[in-house]
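Working notes for the structure below.
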There are 2 protein chains.
Amino acid sequence: MNVTYLGLLAGAITTAAAIPQVVRTYRTRQARDISIWQPVLLNVGMSMWLIYGLIIGDTPLIAANAFSIVCYSLLIVMKILYKEDDKSKSCA
Amino acid sequence: MNVTYLGLLAGAITTAAAIPQVVRTYRTRQARDISIWQPVLLNVGMSMWLIYGLIIGDTPLIAANAFSIVCYSLLIVMKILYKEDDKSKSCA
């Protein structure tokens, strides 16, 4: 298998990895156990990968990181939104 | 700034992003809101990135993905271990 395909497939899978967490958090409306710093750091790093991809003109890198940034931004928004729910639901 | 340094910095930050979640889950012993599929998919993708890095002989890619695989494997183990705790602690 051409090594480039391996890189593309690896990029696609690591990008898709954000989806189950976004879906779970949206469905359960619970994000208490999630550290906000993971999606925040990922977004910082992936924004740099996005700039890096734009500079070297690497389309898969641009596409993968743009998609991931959207997913992890959603996760950050939900983490903040559901914070109130987490407090009211926590076992008194 | 040399674009390679941008890539190295981006890789370091996205790699470090796993740490806050591992630390939080270890401290709180709670992983109920975490989807196990995120670390599982990330590990599959990053194992492929690791093989890709070995094939093209790219040390930063090898180091970043090896470190991340360790972090996300820890997260998977904790998600499984704390599953029992999650059940006993969930609000009846």
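Some notes on this structure:
- Residue identified as farther than 24 Å from A:TYR82 by Cβ, more than 8 Å from every other protein chain (Cβ to nearest Cβ), of a type in the set (A, V, I, L, M, F, W, C) and surrounded by fewer than 19 Cβ atoms within 10 Å (Cβ to Cβ) among A:ALA63, A:ALA12: A:ALA63
- With respect to (1) at the interface with chain B (Cβ under 9 Å from one of its Cβ atoms); (2) farther than 24 Å from B:LEU6 by Cα; (3) over 16 Å from the mean Cα position of the chain (by Cα), the lone exception for A:ILE56 is condition (2).
- Scanning region B:26-48 for residues that are part of a helix (DSSP H, G or I) and within 7 Å of chain A (Cβ to nearest Cβ) turns up B:THR28, B:TRP37, B:GLN38, B:LEU41, B:LEU42, B:VAL44, B:GLY45, B:MET46, B:MET48.
- Among residues of region B:25-57 being of a type in the set (D, E, K, R) and in contact with a helix residue (DSSP H, G or I) (Cβ under 8 Å, 6 or more places away or on another chain), the one that is surrounded by the fewest Cβ atoms within 10 Å (Cβ to Cβ) is B:ARG29.
- Among residues of region B:11-63, those that are closer than 22 Å to A:ALA12 by Cβ and acidic (Asp, Glu), counted: 1
- Residue list for region A:17-35, filter: hydrophobic (A, V, I, L, M, F, W, C) and within 10 Å of the chain's Cα centre (by Cα): A:ALA17, A:ALA18, A:ILE19, A:VAL22
Read-outs throughout are calculated quantities, based only on the coordinates presented, and are distinct from any laboratory measurement. Since the model is a prediction, treat every value here as computed from it, not as a measurement. Cβ sites come from the backbone with ideal geometry, for glycine too, and all protein chains shown count toward neighbours.
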